[in-house]
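Before any comments, here is the structure.
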Amino acid sequence: MISKTTLKKIREIVGSAHYFDSPEQKLVYSYDATPLYEQEPDAIVAPRSVDQISKILRLANSEAFSVVPRGSGSGLSGGSVPVDDCVVLLTNHWDRILEIDEKNLTVTVEPGIITGQLQSEMEKIGYLYPPDPGSSGICTIGGNVAENAGGIRGLKYGVTKNYVMGFEFVLPSGEVMMIGGKNVKDVAGYNLKDLLIGSEGTLGVFTKIVLRLIPKPEHSRTVLAYFDRSSNSAEAVSAITASKITPAALEFMDKTTIRCVEEYAHLGLPTTIEALLLIEVDGRRGEVEEDLAAASEICRRHGAGTLRVSQSISEANQLRTARKAAFAALARVRPTTILEDATVPRSEVAPMLEQINSIAAKHDLMFGNFGHAGDGNLHPTCLTDEHDKDEIHRTELAFHEIYSAALRLGGTITGEHGIGLSKRKFLEHHTSSTQMDLMRSLKAIFDPNMVLNPGKIFSTRPRCEGPLPISKAKLNKYLEMGAYC
Amino acid sequence: MTNEPRHTSEYLFADLLKLCIHCGLCLPTCPTYALTKSERSSPRGRLKLIRHNREHGGPFSKEFLSEMYFCLECLACESACPAGVQFGSFMESTRAEITAQKVLPLRTRMIRAAFLNWIFQARPRLKFMSWLLSKGKTVGGARIFKPLYRLGKRFGLPVRLLGLIPDSSSHTSLTQISEFLPASEGSTQRLRVGFVTGCVMDISFADVNLDTVALLRDLGCDVVTPKNQWCCGSVHAHQGELEVAQRMAEDLLKSFDIDSLDAIVLNAAGCSGFVKKYGKLFEADNELHVRASAFSKKSVDVVELLDELLRGRSDLRLNPMYQNKRVTFDDPCHLIHAQKIKSAPRAVIRSIPGLDFVELPEADWCCGSAGVYNITHHDDSMKLLDRKIRHVAAIRADIVLTSNPGCIIQLKHGLAERGLKTEVLHLATFLRRALAA
């Protein structure tokens, strides 16, 4: 519990209109989009200036409470789920576009702008901001930078970090700093920019972000390829990559996912096929038609029964939107939906899918598989029930095996969701202690008092990190965890 | 373990509430979240509040109550939800629980009781009320009613809302529609349909009802309009007065000879959406369940029926008066979100040659009317209306079409406030006028 006097000071910084601590408010900021994790904060603040953020962080250092930044709360690893003794710091009301610089092809935004809104504003004037996470309709740019969000255009256009040129941010100490800017090239010192991108809100709070734009491709087409065998579709993916075609999106969905998506979106997808690929190509008109024909031919050669070419932009948009809703659509099936993002080099998609299926069968679990097949970023999603302790235990074992399999194939345990709370255990398990120590040391340099989003990425170890607990309850809790002995 | 996905209909109510995995995909579609950017005013936040209350009990707090009534119940979140969470049923049952516990302020309860349990209970009362209010709008009326307004204002009655009051027709539609009207001569008769005249539609939109019947007859329908019918109860149910709604529904069910009809037509989206759920309103153990289900099954919104009747007809001619008029369609929430009817009205309009049909941006967003929302939450409602009217102005529409009385009133008000000349018409009225004989 943060003491009443401290809460009063926090309230004075932001003003009563932007400070909330009613039971209802605490309840609705106790979660993000991550299953199984929730905790109520002590208070919520919606600061109106950089100065206020800075003051809150200074106060956090002197009065020993934590600060958890939150955009729209659509993260999938618990990055914005509250921790002990914390205030949630909202940024979603800072949603303006500050500057569009057409000579440098950059746009400067506030952190709370919705990614999809930015995209549509940019498309109106002929530009593309490519990173396109599944939650683009609601996620914020600030959150995207903090998580280094990926999405369905990763294969051709890369991820968020490829489009961040610089930002202003507040350090955990309360100091304000600008890193990067509009320079295409910039090698002055260590690349701190890339350290902050994907730091999951543990190293700083973004307050202004400069993003890179590219000219909007002239033309784009989408085709769906239906397969009666899942392995055929994975082989088609490798063949497309090998044929030197780079689609803007190359997405995979298995039977369970197709059924759920169809039940939600009513797009006329066949529910009897085993897998489908959604292929989107963009670029100059002639090039697009050529690539589309070539990709279609490859699919056909690998056993695609039917090819459905979208006839209009709205149909293509519908297909893409439906694919982006796949994760939530799977929630129709069972009470708990656990989505992961084990990722492998793209050549290993077929063996990875095979492994996931056999692990699921071994533990008698139900999985829906979909993902960004083109860039190797898969989303094995376990459809389970959190009330069934045995099944949850088996789920955990299965995910451990899936991660091990991904690592054996040269992959990683998370492609785009981050570690947050939900994958700390796996990170610890699958990463060398030297690397873990290096990461912990970095965190300690930025945030010696562990005030900014502590306990994310790796759990704080009370034995050697952070201030000594003030309250007796907390001391006992740490003792129970085996600290100080 | 079976690998077959279960259908959501197989879940119990409590399970259904858990279907929400708080992914947040509903947030960008929620008008109240757009107004506040506050999580508690989002569908995800509200579901969390409801779920917490169900699981932990406890009294309804002030904040909880205000949030439950801040919601427009436009159900845009239901359309957006990939997991198929039925937000509307949770909201309705929560409001019913609030009503049952009598926790709203006394003044609110009294006003609601006066309207829902008294005025809306009988045609003459609603008609008198409507007459009184519409008289009050006139210059002469304003003078006479001034003391009354002042009195009303003292008690916090929403007297500033005169612009939202519909005109009172001199005769209700029911007095002008015979019990049985055969299909027009020369039309190829295909269907025998029942027609629900409704409450507000009957009194304030009598013309729309007459147009609907005439149009259906021209398109080959025998129209049966029972004389002893009244309100379907949707107004009450949406406000959480489920028992009253059931009583109203019971009367309506009994006034129709369901088996003799091919379809039962309603021309207010709020009502057609509600009667389609009669089967659920009277649960399986209720003696009226079978009858109610049969009624629901035959119920269609007039837009759906028109789509069916006009499909494939190439002989339609446009009244030259409407040549090249720019028309658009604003989706009533209870049509597009509650009933998932999106393409039908567009297909109907496109089937008429010579019109310039333009999509209205954010046509699926609530205009802020939402039953009595523009009275209970006037300022927020007007913000949403402003957003809507800006889109109408941007596409320079000559005529905005829609199919729900609340939306018509609200849109007319917004356009008048802005001094725009765009006309607002019910789709049935428009077709009646625009289709040359």
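Would you check which residues across the range B:31-55 are surrounded by 22 or more Cβ atoms within 10 Å (Cβ to Cβ), out of contact with any Cys (no Cβ under 8 Å at 6 or more places or on another chain) and more than 9 Å from chain A (Cβ to nearest Cβ) and list them?
If the condition is that a residue be surrounded by 22 or more Cβ atoms within 10 Å (Cβ to Cβ), out of contact with any Cys (no Cβ under 8 Å at 6 or more places or on another chain) and more than 9 Å from chain A (Cβ to nearest Cβ), then B:Tyr33 is the only one that fits.
Away from chain B (no Cβ under 14 Å) and among the basic types (Lys, Arg): is that true of A:Lys103 in this structure?
Numbers: away from chain B (no Cβ under 14 Å): yes; among the basic types (Lys, Arg): yes.
So A:Lys103 passes the test.
Being within 14 Å of chain B (Cβ to nearest Cβ) and outside any loop (DSSP other than H, G, I, E, B) is the filter here; which residues of the range A:325-355 pass it?
Selection gives A:Ala326, A:Phe327, A:Ala328, A:Ala329, A:Leu330, A:Ala331, A:Arg332, A:Thr336, A:Thr337, A:Ile338, A:Leu339.
Cβ-Cβ distance below 6 Å, separation of 6 or more or different chains: which pairs start in the range A:166-191 with a residue that is touching a residue at least 40 places away in the same chain (Cβ under 8 Å) and end on one that is in a loop (DSSP other than H, G, I, E, B) and open to solvent by 20 Å² or more (accessible area, probe 1.4 Å)?
A:Lys182/A:Asn104
Could you list all residues from the range A:120-143 that are within 22 Å of B:Cys77 (Cα to Cα) and within 13 Å of another protein chain (Cβ to nearest Cβ)?
A:Ser120, A:Pro133, A:Gly134, A:Ser135, A:Ser136, A:Gly137, A:Ile138, A:Cys139, A:Thr140
May I ask you to list the residues in the range B:306-343 that are over 12 Å from B:Gly273 (Cα atoms), open to solvent by 10 Å² or more (accessible area, probe 1.4 Å) and not in a loop (DSSP other than H, G, I, E, B)?
Those that are over 12 Å from B:Gly273 (Cα atoms), open to solvent by 10 Å² or more (accessible area, probe 1.4 Å) and not in a loop (DSSP other than H, G, I, E, B): B:Asp307, B:Glu308, B:Leu318, B:Pro320, B:Met321, B:Tyr322, B:Arg326, B:Ser343.
For the range A:230-238, check the following and say yes or no: at least one residue is touching a residue at least 40 places away in the same chain (Cβ under 8 Å), among the charged types (D, E, K, R), open to solvent by 60 Å² or more (accessible area, probe 1.4 Å) and part of a strand (DSSP E or B).
No, there is no match, as no residue in the range A:230-238 is touching a residue at least 40 places away in the same chain (Cβ under 8 Å), among the charged types (D, E, K, R), open to solvent by 60 Å² or more (accessible area, probe 1.4 Å) and part of a strand (DSSP E or B).
What's the total number of residues in the range A:80-89 that are open to solvent by 10 Å² or more (accessible area, probe 1.4 Å) and within 13 Å of chain B (Cβ to nearest Cβ)?
Number of matching residues: 1.
Based on this model, can you work out whether A:Gly134 counts as at pLDDT below 95 and closer than 29 Å to A:Gly371 by Cα?
Yes.
Is it the case that the range A:158-166 has a residue that's in contact with a strand residue (DSSP E or B) (Cβ under 9 Å, 6 or more places away or on another chain), more than 28 Å from A:Leu452 (Cβ to Cβ), outside any helix (DSSP H, G or I) and not basic (Lys, Arg)?
Scanning the range A:158-166 turns up no residue that is in contact with a strand residue (DSSP E or B) (Cβ under 9 Å, 6 or more places away or on another chain), more than 28 Å from A:Leu452 (Cβ to Cβ), outside any helix (DSSP H, G or I) and not basic (Lys, Arg).
Would you say A:Ser54 is within 13 Å of chain B (Cβ to nearest Cβ), touching a strand residue (DSSP E or B) at 6+ places or on another chain (Cβ under 7 Å) and open to solvent by less than 50 Å² (accessible area, probe 1.4 Å)?
Working: within 13 Å of chain B (Cβ to nearest Cβ): no; touching a strand residue (DSSP E or B) at 6+ places or on another chain (Cβ under 7 Å): yes; open to solvent by less than 50 Å² (accessible area, probe 1.4 Å): yes.
So A:Ser54 fails the test.
Return the only residue of B:Glu92, B:Glu73, B:Glu97 being farther than 29 Å from A:Gly137 by Cβ, touching a Gly at 6+ places or on another chain (Cβ under 8 Å) and at pLDDT 80 or above.
Result of the check over B:Glu92, B:Glu73, B:Glu97: B:Glu97.
For the range B:18-30, give me the residue count where each residue is within 22 Å of B:Lys383 (Cα to Cα) and either within 7 Å of chain A (Cβ to nearest Cβ) or open to solvent by 20 Å² or more (accessible area, probe 1.4 Å) (or both).
Qualifying residue count, the range B:18-30: 4.
With the requirement that a residue be among the charged types (D, E, K, R) and assigned to a loop (DSSP other than H, G, I, E, B), what does the range B:186-202 give you?
B:Arg190 - this is the single residue of the range B:186-202 that is among the charged types (D, E, K, R) and assigned to a loop (DSSP other than H, G, I, E, B).
Which of the residues belonging to the range A:321-345 are over 30 Å from A:Gly410 (Cβ atoms), open to solvent by 10 Å² or more (accessible area, probe 1.4 Å) and among the β-branched types (Val, Ile, Thr)?
Once the filter is applied, which keeps residues that are over 30 Å from A:Gly410 (Cβ atoms), open to solvent by 10 Å² or more (accessible area, probe 1.4 Å) and among the β-branched types (Val, Ile, Thr), the range A:321-345 yields only A:Thr321.
Would you point out the residue of the range A:10-26, among those that are facing chain B (nearest Cβ under 9 Å) and open to solvent by 40 Å² or more (accessible area, probe 1.4 Å), that is farthest from B:Leu47 (Cα to Cα)?
Filtering first and then ranking leaves A:Phe20.
With the requirement that a residue be among the small types (Gly, Ala, Ser) and open to solvent by less than 10 Å² (accessible area, probe 1.4 Å), what does the range B:345-381 give you?
Passing the criteria: B:Ala363, B:Gly368, B:Ser369, B:Ser381.
This table checks each residue for (1) part of a helix (DSSP H, G or I); (2) of a type in the set (Phe, Trp, Tyr); (3) in contact with an Asp or Glu (Cβ under 6 Å, 6 or more places away or on another chain); (4) open to solvent by 10 Å² or more (accessible area, probe 1.4 Å).
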| position | (1), (2), (3), (4) |
| --- | --- |
| B:Ile177 | no, no, no, no |
| B:Ser184 | no, no, yes, yes |
| B:Asn209 | yes, no, no, no |
| B:Val235 | yes, no, no, yes |
| B:Ala249 | yes, no, no, no |
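Among the listed residues A:Thr115, A:Thr160, identify the single one that is of a type in the set (Val, Ile, Thr), under 25 Å from A:His379 (Cα atoms), open to solvent by less than 10 Å² (accessible area, probe 1.4 Å) and within 14 Å of chain B (Cβ to nearest Cβ).
A:Thr115 is the lone residue from the list that is of a type in the set (Val, Ile, Thr), under 25 Å from A:His379 (Cα atoms), open to solvent by less than 10 Å² (accessible area, probe 1.4 Å) and within 14 Å of chain B (Cβ to nearest Cβ).
Pick out the one residue from A:Glu416, A:Glu428 that is within 23 Å of the chain's Cα centre (by Cα) and surrounded by fewer than 16 Cβ atoms within 10 Å (Cβ to Cβ).
Residue meeting the stated conditions: A:Glu428.
Determine, yes or no, whether B:Ala96 is within 18 Å of B:His236 (Cα to Cα) and either open to solvent by 20 Å² or more (accessible area, probe 1.4 Å) or more than 12 Å from chain A (Cβ to nearest Cβ) (or both). So that I can check it myself, show each step before the final result.
Values: within 18 Å of B:His236 (Cα to Cα): yes; either open to solvent by 20 Å² or more (accessible area, probe 1.4 Å) or more than 12 Å from chain A (Cβ to nearest Cβ) (or both): yes.
In short, yes.
Go through the residues of the range A:27-34 one by one and say whether even a single one is within 14 Å of chain B (Cβ to nearest Cβ), modelled with pLDDT under 95 and surrounded by fewer than 22 Cβ atoms within 10 Å (Cβ to Cβ).
no
The values are calculated or read from the model by the stated rules, or taken from the named source; none is laboratory data. If you're wondering where the values come from, they're calculated on a predicted model, not measured in any experiment. All Cβ positions, glycine included, derive from the backbone under ideal geometry; neighbour counts span all protein chains shown. For the accessible areas, the whole protein counts, side chains as well, though only heavy atoms, and no ligand, DNA or RNA atoms are used. Shrake-Rupley method; radii C 1.70, N 1.55, O 1.52, S 1.80 Å.
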